[in-house]
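Below is one structure, written out as structure tokens; comments come after it.
Computed from the coordinates by the stated procedures, all read-outs in this text should not be read as laboratory data. Computed from a prediction, not measured in an experiment: that's the story for all the values here. Neighbour counts are summed over all protein chains in view; Cβ atoms, including those assigned to glycine, are modelled from backbone coordinates with ideal geometry.
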């Protein structure tokens, strides 16, 4: 059992970027990325519930253990799952991430002052709405269609999401920064693979890695999206969003694009963690 490897993050922190890399490496022969490979890495809980009027978080979380057990019994050597869930135990009974069916996780953290700008692009919100989204320590995301809903994902606020994984003891977690993943893609990806070797049999094929990096760098993914569209827009419920999913990446600059009062508010609220992560200097 114990087959699930979680790819976890706060929303708009590089989760899909890393999924592209992992899917090209593990689900192709040559490491050359194609959008269809993303289908091999589902999102939990979104992809495991159907739209119903009776859905809510407490109803869904009661099903988590059964679903994660079923996933871990799938006849595959390795199973990756994407999630934005905070790693918590609800009502002291229901863990969001069940250690009995998990090998390890990879957590991607990103500077929240750039996350807020990506949220604005992704959800078509104004910046004040994005700030409330970022700082809401009881925040959920879910899919809705009129009175139907599914995939209630407890994300909390930016810091609480990260700390729920950092401070938990139930699962080994590999922590990486979005900024390193983009700026030092090959080095960071090799680091991830070397860490995964501690939990699984893995042959690190250098030629395959070269192809992964060549076909999943941010510029290439943007060009691919311009040519083909982004295959997951419909799944994510954002097909009417005219903005690119792979929009600016590391080129996003909060000092240029974010009002100084918003920057100051984020710096004040998350000062200690920003310092710890070297996103802020004393």
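Values for this structure:
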item: Global form of the chain, assessed from the alpha-carbon gyration tensor, a/c cut-off 1.5; result: rounded
item: DSSP bridge orientation in the chain - percent antiparallel, rounded to nearest 5; result: 30 percent
item: Order of 189, 254 - criterion: other Cβ atoms within 10 Å of each residue's Cβ, fewest first; result: 254, 189
item: Percentage of interatomic Cα-Cα distances in region 48-93 larger than 13 Å; result: 67 percent
item: Net lengthening on full extension, residue 93/residue 187 (0.36 nm per residue, minus Cα-Cα); result: 29.9 nm
item: Helical mean residue ellipticity (222 nm; -39500 (n - 2.57) per DSSP H run of 4+; nearest 500) of the chain; result: -12000 deg cm²/dmol
item: Debye log10 I(q)/I(0) for region 1-63, one point scatterer per Cα, at q = 0.11 Å⁻¹; result: -0.35
item: Extension reserve of the residue 170-residue 255 stretch, reckoned as 0.36 nm per residue once the Cα distance is removed; result: 26.9 nm
item: Overall form of region 118-213 per C-alpha gyration tensor (a/c, 1.5; a/b vs b/c); result: prolate
item: Compactness relative to 2.2 N^0.38 Å, alpha carbon Rg of region 13-171; result: 1.08
item: Segment residue 125-residue 195, extension gain: residue separation times 0.36 nm, minus the distance between their alpha carbons; result: 21.5 nm
item: Cα gyration tensor shape for region 161-230, rounded if a/c is under 1.5, else prolate or oblate; result: oblate
